[in-house]
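The values are calculated or read from the model by the stated rules, or taken from the named source; none is laboratory data. Given the structure is predicted, the values throughout are model-derived calculations rather than measurements. Backbone-built Cβ (ideal geometry, glycine too); neighbour counts: all protein chains shown.
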Amino acid sequence: MSWISGLLWGERRPTVYLTVVTALLLMQVSVLGETLSIDFRQAETDPLIEISPSRVPTDRHRLTRDGMRVIQAKDPPGGPKQSPGTIGAKTMVFASGDFTATLDWKVNEINEPESGWGQGVLFAADLDDLEKTQLQMSLLGRPGKGIVVRAARRGDQVMEPLQETFPVEFSEGQFRISRRNEIAIFSIVSEGNEKELTRFECPTADLRYVAVWCTRQERGNTSGDYLFRNLSVTADNFFTYQDSRVSRWSWWQIIVVIQGVLFAIFLSIWYYQKQQTQ
């Protein structure tokens, strides 16, 4: 044990302490991230999110004290084909590295459409790769097949899209899409309990945006009513996001300054001890 005592109490003590402190700081850096949180009650004035209104006049959205409520009307009997446009919102920032995107929302009403491929709510994370990969979670009503949750990895240029459907009842809670290295994880959080549905391999490209859409087909739509409360994204780094309510210094700049101060302190201690031994 004498060599340990030499490190802790010998001439190399300041260097050892500095090495340990620096290692601990670097370990902290590896688990820290930045979080973007959007309150849908202020969605129309928040510059970090873009609201897309529907092209169908009978569909509407409004901000309430609980969030953004979206109401979709049933197609009129024998009416003309409707525009397949959607009401939705998407973030206006890029992010890199691992991320977790969470949508907090509530279903007031969802029904099976009378025809078509399906109708409901789509939560998606778009990646900035050549295949234009999109990681999707949907609450989907399908004609004659009930209401399901669908997880998918799709995209305009994706050669092998993947998707799975789950007969999971969902009325209120959170949809969550996470990426860890090359794995996308799809989960539901209900009453504080998180349930993982599935995992897919996915690219490590930057995150272009996170979005939520209320889908509408050309025909066969039934009524829908949804409340969106909060959209949050935690990532290793955001390209354009800076919360104006906190210090203008980012966390990594603060850590670099702390390391510099500690180095100067330990260097001074070492120099003082060296002078005392001469």
key: Complete set of residues in the stretch 164-173 that are closer than 23 Å to Phe228 by Cβ and either in a strand (DSSP E or B) or among the small types (Gly, Ala, Ser) (or both)   = Thr165, Phe166, Ser171, Glu172, Gly173
note = Arg142 fails exactly one of (1) farther than 18 Å from Cys202 by Cα; (2) charged (D, E, K, R); (3) surrounded by fewer than 17 Cβ atoms within 10 Å (Cβ to Cβ), namely (3)
The stretch 96-128, residues that are in a loop (DSSP other than H, G, I, E, B) and either small (Gly, Ala, Ser) or in contact with a strand residue (DSSP E or B) (Cβ under 8 Å, 6 or more places away or on another chain) (or both) = Ile110, Asn111, Glu112, Pro113, Ser115, Gly116, Trp117, Gly118, Asp128
Boolean, Leu231 is touching a residue at least 40 places away in the same chain (Cβ under 8 Å) and under 11 Å from the mean Cα position of the chain (by Cα) = yes
key: Pairs, first modelled with pLDDT under 90 in the stretch 159-173, second charged (D, E, K, R) and outside any loop (DSSP other than H, G, I, E, B), C-beta under 7 Å, six or more apart   = Pro161/Arg153; Pro161/Arg154
ask   = So which residues in the stretch 135-150 are closer than 11 Å to Pro167 by Cβ, touching a residue at least 24 places away in the same chain (Cβ under 8 Å) and touching a strand residue (DSSP E or B) at 6+ places or on another chain (Cβ under 6 Å)?
value = Ile147, Val149
ask   = Looking at this structure, is Asp126 at pLDDT 95 or above and in the same structural domain as Trp213 (by TED's automatic domain parsing)?
value = yes
remark   = Given the conditions (1) at pLDDT 95 or above; (2) outside the structural domain of Ser96 (by TED's automatic domain parsing), every one holds for Gln253 apart from (1)
ask   = Restricting attention to the stretch 174-194, and to residues there that are without any contact (Cβ under 8 Å) to a residue 24 or more places away in the chain and in a strand (DSSP E or B), which single residue is surrounded by the fewest Cβ atoms within 10 Å (Cβ to Cβ)?
value = Asn193
